[in-house]
Amino acid sequence: MIGFSLFFVSLHRFLTSYMKYYEVNMTIEPCSQDAQDLLAALTAEAGMETFEETPTGLKGYAQQQLLDKEALQLAIDMFPMEGISISYTVCEAEDKDWNEQWELEGFEPIVIDNRLTIHDGRHLPSEPSDISIEIDAHMAFGTGTHETTRMICRQLLDMELQDKRVLDCGCGTGILGICALKLGAASCVGYDIDEWSSDNTRHNAVINHVDDRLVPYCGDASVLSSFATEFNVIMANINRNILLQDMERFVSVMTPDATLILSGFYLSDCKKLEERARSLGLLLSSVTSDGDWACMSFTR
């Protein structure tokens, strides 16, 4: 299964940034889970960043400047399942606060491997854990409810982070950087294209008492060219296309012994990401999965 039942939690990270998005409504006849999963995998090549299952097919969302309509049409024309008819329409995604209900309702505490608890201010954990992170999500992605966030947190729990310099690419709420700092990292720099996210990272750093060691920036990977330092651990929980585009910039700020942790993509994307990483001198050290989602770690 796609693993997204997307509504508020999954859409807001993409649709509340300052970039404009297209909504691509794809009708599948007859509609099935297998057809939805395959269509999502194929049309991701056209620039889709996220998908929402519908009773009749799939909705995809892509930045307007990144949607490749020729690739989209080709993916549909070459759809390999027999007896399937696919049609689609493209329109501008509605500009509204997708996160409003999420912010109002909050989320139940999330426990990862009985060592880390992530919670909001409304729902406190019933039992203590080794590490507790409070997340107040304002228009930003990253509360631990999504498989990709949980997988990276698990990676961090098993790493030696003492005194390490950490970079969080696409920081969202700041949860990954905060987690690393609570596990002993010396400092963390985060950046996100969404000003709401960089502000929310700063806010969550304060309520978790790590604001003296976490510095968020608003911008894309081009901000890395202004950094004079290198990082021991780099995390990026972003969609596959952006990872492929920005990986060279990540490598440019890695120390010789650094670890690069990537997530935000499907298992079917791993081969392409590994090829890109290998071309940049990186070696694959691990692959984990949760449903159809994947997390990959690389070293230099």
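The values are calculated or read from the model by the stated rules, or taken from the named source; none is laboratory data. This one's a predicted model, so the numbers in the text were calculated from it and none came from an experiment. Note that we place each Cβ from the backbone using ideal geometry, even for glycine, and neighbour counts take in every protein chain shown. Calculation scope for accessible area: heavy atoms of the full protein, side chains included, ligands and nucleic acids excluded. Shrake-Rupley method; radii C 1.70, N 1.55, O 1.52, S 1.80 Å.
Taking the mean number of other Cβ atoms within 10 Å as a proxy for protection, how do you rank 146-155, 163-172 from highest to lowest? Intermediate values should be presented prior to the final figure.
Working: 146-155: 22.1, 163-172: 24.8.
Highest-to-lowest ranking by the protection proxy: 163-172, 146-155.
So what's the gap between the Cα centers of segment 142-196 and segment 35-59, to the nearest angstrom?
Centre-to-centre distance over Cα atoms comes out at 28 Å.
Run the 1.4 Å probe and let me know the accessible area of T27, rounded to the nearest 10 Å².
Probe radius 1.4 Å; accessible area of T27 about 50 Å².
Can you give me the relative contact order of segment 147-300 as a percent, contacts being Cα pairs under 8 Å and 6 or more apart? List each step's numbers first, then the result.
Working: 326 pairs, mean separation 34.3, N = 154.
That works out to 22 percent.
When the Karplus curve 6.51 cos²θ - 1.76 cosθ + 1.60 is applied with θ = phi - 60°, which whole-Hz ³J(HN,Hα) does each residue of segment 194-204 get, with x for Gly and Pro?
Per residue, the Karplus-derived 3J(HN,Hα) values read 9, 4, 4, 5, 5, 5, 5, 4, 4, 4, 5 Hz.
About the Cα centre, and with charges only on the beta carbon of Lys, Arg (+1) and Asp, Glu (-1), how big is the dipole of segment 19-87? Nearest 20 debye, please. Don't skip to the answer; put the middle values down first.
Details: 3 positive and 12 negative charges, 51 e Å.
Approximately 240 debye in magnitude.
Going by average Cβ density within 10 Å per residue, which order do the peptides 177-190, 269-282, 39-52, 68-81 take, highest to lowest?
Numbers: 177-190: 23.6, 269-282: 15.6, 39-52: 22.1, 68-81: 13.9.
Ranked from most to least packed, the peptides come out as 177-190, 39-52, 269-282, 68-81.
Tell me, what ³J(HN,Hα) does each residue in segment 155-172 have, in order and in whole Hz, if you take phi through Karplus 6.51 cos²θ - 1.76 cosθ + 1.60 with θ = phi - 60° and put x for Gly and Pro?
Coupling constants for segment 155-172: 4, 5, 4, 9, 9, 8, 10, 3, 6, 7, 9, 10, 10, 10, 8, x, 6, x Hz.
Excluding residues fewer than 8 places away in the same chain, name every one of the lysines whose C-alpha is closer than 30 Å to that of K272.
In chain and number order, the partners are K20, K59, K69, K164.
Tell me which chymotrypsin sites (Phe, Trp or Tyr not before Pro) from segment 206-281 have a DSSP coil assignment and no more than 15 other beta carbons within 10 Å of their own. Could the numbers behind the result be given before it?
On the way: sites: Y217, F227, F231, F250, F265, Y266; in loops: F227.
Those that pass, being in a loop and sparsely packed, are F227.
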